[in-house]
Every structure is written in C-alpha cells, then in structure tokens.
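Undergrad: Once you've had a glance at the structure underneath, I'll fire off some questions.
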Amino acid sequence: MKINVLFFLIFSISLSSIAQTPEKIKNNSDYIWGESTASTLEQADQFALKDLISQISTNVESSFSNIITEINESIEEYTQSAINTYSNIYLKNAKRIVVEKRKQIYVLRYIEKDEVDKMFESRKNKIIDYTKLADMAEKDSRIGDALRYYYWALVLLNSHPDAAMIKYTTAENIEIGILLYIQNQFDKIFDNLRINVADTINCNNTVSYTLDINYKGQAVANLDYVYWNGTEFSNTYSIKDGLGVVDFFNSESNKLDNLHLKLEYTYFGRSHIDPEVKSVLEMASLPRLKKAEVSISLTQPELKIKKINEKQLVYNKMITIDTISSNLFDINGEIKATLSIVNQWIVNKSQKIDETLFTKQGLDSYNKLIKYGDARILSQKGKIDYIRINDEIMVRSFPMIFSFPNNNKAFVEDIVYLFNSEGKISNISFALSDGAITDIMEKSERFASLEEKYFLINFLENYKTAYSLEDISFIENVFSDDALIIVGTVLQKYESVDGTIPKMENQNIKYVRYSKEQYINHLIKAFDSKEYINLEFEDNVINKTGGEDKIYGIQITQNYYSSNYSDKGYLFLMLDLNDISEPKIYVRTWQPDKNDDGSIFGLEHFSIK
C-alpha cells in the first residue's frame, strides 16, 4: 500500500510537470525564468540557472543602488554577485523543464515570484537574528562574538535588495533602521574597548607584552586579533578573560614605537557553520571596519621592558592568598616551591623533571599539557587562589599561551593545579572562564554547598581539559556504561536506559545516538585527525533534581575549535555527584541550534527511575 501511494504521488507530480510547457511558463507573469541550450544536460542546466539568476538580478537591480555608491563596482556586477549568494541555498530547487532537441538539450529553470519574495524574507529574518545574538554578546562583554554576529548581519544585509528599509526593534523597544543600528553598535564597541599594555617581560630571547583588554570596565570574555611584528602579521591570538599577549623574538620589538593590532571581525574560518554567510563573505566587495585596527604606544616610560630571569618570572606576582572563605588557608612553603619548580620547567622547556612531585595521574596531566602546542607562561594577571577541598588543595590560576606550529592560532588558558594530601600534583586542568565560575559561585547555599560548587567547577574544568588534551581515559571513566549520548538537533523517544528516560514527544525528527563504545571510538578517530582541540564554555545554567540525590543538569554553550574544524553548539550533561570521587555522566546531548522555543535540552526532558 505504501508503494502504491508513493507511485501515485510520483505519477501525479510527473503529470503536473508534463502539463507545464516552456511557452506557458514564459508567458506567465507569475514566474521568473532562465533558459539555455547545450550539448549536455549538465551544461544546459548550469547556464539556465545562471540565466535565471540574471533575470532575478534585473528585477531587483535598482534596489542595490544605495550600496553601490559606497564601493567601486558596477551595479550590474554587484547585484549579480549578491543574488548568486542565494543560488546554492534557495535557487537550487528551482523547477526545471528539459526538452531534447536533436543533438541539443534545452533546459528552462523557473521560480514563482512569490518564492523569490520568501527567499528575501528568509534572509531578512536571519539578519535580524544575528543582530539579536550580537546584542546579547555585547552585553556579556563577549566582544569577539559581538563583532562576528554584527558583521555577519551587515554582509547579509548588503546582499538584500531591501537593506535600506529593514527595521530593527532594540531592547529599549525603539524601532530603527537596522543598517544604522549595526553601524552605531560597531562605533559603540570600538569607542568603549580599551586595550592597554599591562606588563612587559624579556625572557628566553622573547619580549612579551601582556595586554589588558576590557569593555566598559569589564574584562573582555573573547576576542581574536593579529599584530604586526615588523615584517608581517602574526598568527591569530585568542584572548581569555581580558588577557592577551603580543610576542616579539630577538630584537624585533626594538624597531617599533607602537603595537599595531587588527581585531578579527569577519571570522571567515567559522563561516562554514552558515552556508549563506560563507557565500556572502566570498563576494569580492566586503565592508572594512577601520576602527578594528588599533595602535598602542610603546614609548611611554612605564612600558619599559623588564629583563628578568626565569625564577623571577615565577615569583613576581604569584604569592597572593585570597581570604574570602574559611575553606582557604595559608599554604606551606613546600607547595609554593613545587609550583615554582614546575613553572620553571615549563619556561625552560625542560626535558628532565622530578617525577616524585606528581602522582601517576598528575604526571600524565603534566606530560599532556606540555605537549599541547608551544606552551609558555604569561605574566600573572592577578592573585593566585589557594582553595582547600577536603584533603586536596586547588591552586588557581596561572595564565599560559599555547601556539601550534602547523596552524595560525594561539590560545590563552588559565592553568589550575590540584595537590593531594601528600603535597603532590594530582591533576592539571584548564580553568573555566571568570563568567562561568561566577555563575556557579553566585548560586544559593540551598542549591549546593561551597564545597559542591567547587566540585562542579572542578568537574567542568576536567571535562573541558580532557577534550583539549585528548584524555580518552578520563572520558571513558566519567561516562556511565549505559550513558545516553545523543548528537544532533533534537531527540526522539527511547526505551529506558539505566533508568533514564527521555520525555520527548516528537517522533519524526532526525537524531544520532551513540553507545558509549561508539562515542569513544568516534572521539579517538577525531583526536587522531587534529593537531589541537580547544573548548570554550559560556552561558552555563546548572540545575538540580529534587530530593537528596546530587543529580545536576548542566546546560552550557560550547565553542569548539580544532586545527581543521570549528563550531558552536549547546551541550547538556546529566551529572551524578553522589560519589564525589567518581562523578558519572548519565546523559550527554549536543545540538547546533536551540529548540524552536529558544530552549536547549535539560533535566526537564528526562526522568530518573
């Protein structure tokens, strides 16, 4: 019966197509069409689609006149280029009539004018959505995200025939032309962005300028930049929590009076996540943001370079003990000495180390850390926190920068050391962002004790680090054997898995579900194909199930970077902390987009039995 229904549908569609002739289409004002004749179907189809794009361009050409006045390009060329950005997304499904004429193939490609209007409306909605995302990022001092989203909205806008007429409603409920709004937001960001040289260090034949980067007095959460080293622009550097770095080797810095930075805003390398944006960024004419080019004077007296040795680098600003909690206590000299020695090894890139300062796991963490790119310690940006949790001491945090020889990327990460009761380093991890830590620490005592909050922070940092340092053993241990692991946009109903039942109603949405073994094998292959992986967490929301059980739901925005791929998505973890020494993940979901209502998957979508 299903086969008969399918045949009937195909037959009906075929009859409908046959009923349409090229002459009827061409004489019907409801359609826009293009045609071509060639020796092969592929050629005829390609040229017919190109002709269709040309006809659409002719219909909207006058609307691009305002944009054309700002660039040196003919309106015909620009309009054609702009409409081409719609072809792979919207026009590839334009209807087609094929007629064989002797040794030639004739193709007519056509689309209803109403469909063209819908095509432009869809892009308009995307422009507005990106602008909203940029607004949220700007408020959170995620300046890299804000610049990216505003710029992507701007280039999409420049490909829209109604660019001058599209309105935007601000958070203050003010309606304004979206082009003017985006331009004003760029001015606002650059006018309130402050980049200063906080420290200068000459060590191991390298002059490093530590940058303090803030926005409206708040540390900038993320931002990418390159700088001029005297002969060319550097690799791309990514800041973290307001801390950046500029490196000069040998005597390069002596030739410069200013640091010249270019702040990233196109993010072309990440545009693969949106084919529309990627196609627009590939257009020849793109707007340039002159204010994204920053010059910082190096001639001020207070910026004189300090010649220091490795020991001074470690001790300069290290020993400051926070006293905000009774869980913090005076650290003995043995731990301070260990930190000094380990940091000197990293500075000197020592091959010989004293393994007795580590536990087996701690030594493994250290070896993975120093192999993660070219690791260097930066000048300390603030105080070091020493936090006692039961019999362990967490020492936070030492800023380091990691660069990679085969890629043009460098990351700043804060390093956290964990010492056991014997004073040995038992683990090393990458810290969460300041914002993510604040989100957890500001929760009430009813949600979790101070100790439990630090365990949550410690778990998330270990999770982030395990993926960055490709620590398969940690990932294997932390996932329950029957963990529910789902990668995709949505969930379907599943049978009970270890007492965990997804409470999703939609039965018709695509998904990918992995067993633990399949997921681990997938990760091993992914790790083998990449020079580096780096995760950034933001916007974390943590909830807890009712009752005495310590079951937490962690929803977090994850930015994933690697040597050959990057994306942004939304991660959910159901975490069992009943046994603090053996945390277990029961559920992991990842989705590239939020649900239609703006939510992401969480505890409410699952039940525990």
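Undergrad: Could you please find all residues in region 558-609 being small (Gly, Ala, Ser), in contact with a Gly (Cβ under 9 Å, 6 or more places away or on another chain) and within 22 Å of Asn458 (Cβ to Cβ)? Steps first, answer last, please.
TA: First, pick out the residues of region 558-609 that are small (Gly, Ala, Ser): 562-563, 566, 569, 581, 598-599, 602, 607.
Cutting the leftovers down to in contact with a Gly (Cβ under 9 Å, 6 or more places away or on another chain) gives us 566, 602, 607.
Once the filter is applied, which keeps residues that are small (Gly, Ala, Ser), in contact with a Gly (Cβ under 9 Å, 6 or more places away or on another chain) and within 22 Å of Asn458 (Cβ to Cβ), region 558-609 yields only Gly602.
Undergrad: I need a count of the residues in region 535-594 that are among the basic types (Lys, Arg) and either without any contact (Cβ under 8 Å) to a residue 40 or more places away in the chain or touching an Asp or Glu at 6+ places or on another chain (Cβ under 8 Å) (or both).
TA: The total comes to 3.
Undergrad: So is Lys464 in a helix (DSSP H, G or I), surrounded by fewer than 20 Cβ atoms within 10 Å (Cβ to Cβ) and either under 21 Å from the mean Cα position of the chain (by Cα) or not acidic (Asp, Glu) (or both) or not?
TA: no
Undergrad: Quick check on region 565-600: of everything there that is assigned to a loop (DSSP other than H, G, I, E, B) and closer than 23 Å to Ile533 by Cβ, which residue is modelled with the highest pLDDT?
TA: Taking the candidates together, the pick is Pro583.
Undergrad: Right, something else. Quick check, is Tyr130 farther than 22 Å from Thr79 by Cα, in contact with a Phe, Trp or Tyr (Cβ under 6 Å, 6 or more places away or on another chain) and either buried (at least 17 other Cβ atoms within 10 Å of the Cβ) or β-branched (Val, Ile, Thr) (or both)?
TA: Details: farther than 22 Å from Thr79 by Cα: yes; in contact with a Phe, Trp or Tyr (Cβ under 6 Å, 6 or more places away or on another chain): yes; either buried (at least 17 other Cβ atoms within 10 Å of the Cβ) or β-branched (Val, Ile, Thr) (or both): yes.
So Tyr130 fits the description; yes.
Undergrad: Only one residue in Tyr130, Tyr181, Tyr168 is of a type in the set (Phe, Trp, Tyr), outside the structural domain of Asn27 (by TED's automatic domain parsing) and under 22 Å from the mean Cα position of the chain (by Cα), so which one is that?
TA: Result: Tyr130 is the single residue among Tyr130, Tyr181, Tyr168 that is of a type in the set (Phe, Trp, Tyr), outside the structural domain of Asn27 (by TED's automatic domain parsing) and under 22 Å from the mean Cα position of the chain (by Cα).
Undergrad: Still on this structure: Quick check on region 392-432: of everything there that is surrounded by 21 or more Cβ atoms within 10 Å (Cβ to Cβ) and among the hydroxyl-bearing types (Ser, Thr, Tyr), which residue is nearest to Ser562 (Cα to Cα)?
TA: Ser429
Undergrad: Sort out which residues of region 342-391 are modelled with pLDDT under 85, part of a loop (DSSP other than H, G, I, E, B) and either of a type outside the set (S, T, N, Q) or touching a Cys at 6+ places or on another chain (Cβ under 7 Å) (or both), and write them in order of number.
TA: Lys349, Gly373, Leu378, Lys381, Gly382, Lys383, Ile384, Asp391
Undergrad: When region 151-179 is examined, which residues are found to be buried (at least 23 other Cβ atoms within 10 Å of the Cβ) and without any contact (Cβ under 8 Å) to a residue 40 or more places away in the chain?
TA: Passing the criteria: Ala153, Leu157.
Undergrad: Also: Looking at the structure I just gave you, is Lys568 touching a helix residue (DSSP H, G or I) at 6+ places or on another chain (Cβ under 9 Å) and either outside the structural domain of Tyr467 (by TED's automatic domain parsing) or within 25 Å of Ser444 (Cβ to Cβ) (or both)?
TA: Numbers: touching a helix residue (DSSP H, G or I) at 6+ places or on another chain (Cβ under 9 Å): yes; either outside the structural domain of Tyr467 (by TED's automatic domain parsing) or within 25 Å of Ser444 (Cβ to Cβ) (or both): no.
Spelling it out, it is not the case that Lys568 is touching a helix residue (DSSP H, G or I) at 6+ places or on another chain (Cβ under 9 Å) and either outside the structural domain of Tyr467 (by TED's automatic domain parsing) or within 25 Å of Ser444 (Cβ to Cβ) (or both).
The values are calculated or read from the model by the stated rules, or taken from the named source; none is laboratory data. Bear in mind that the values here come from a model prediction, so they are computed numbers and not experimental data. Cβ sites come from the backbone with ideal geometry, for glycine too, and all protein chains shown count toward neighbours.
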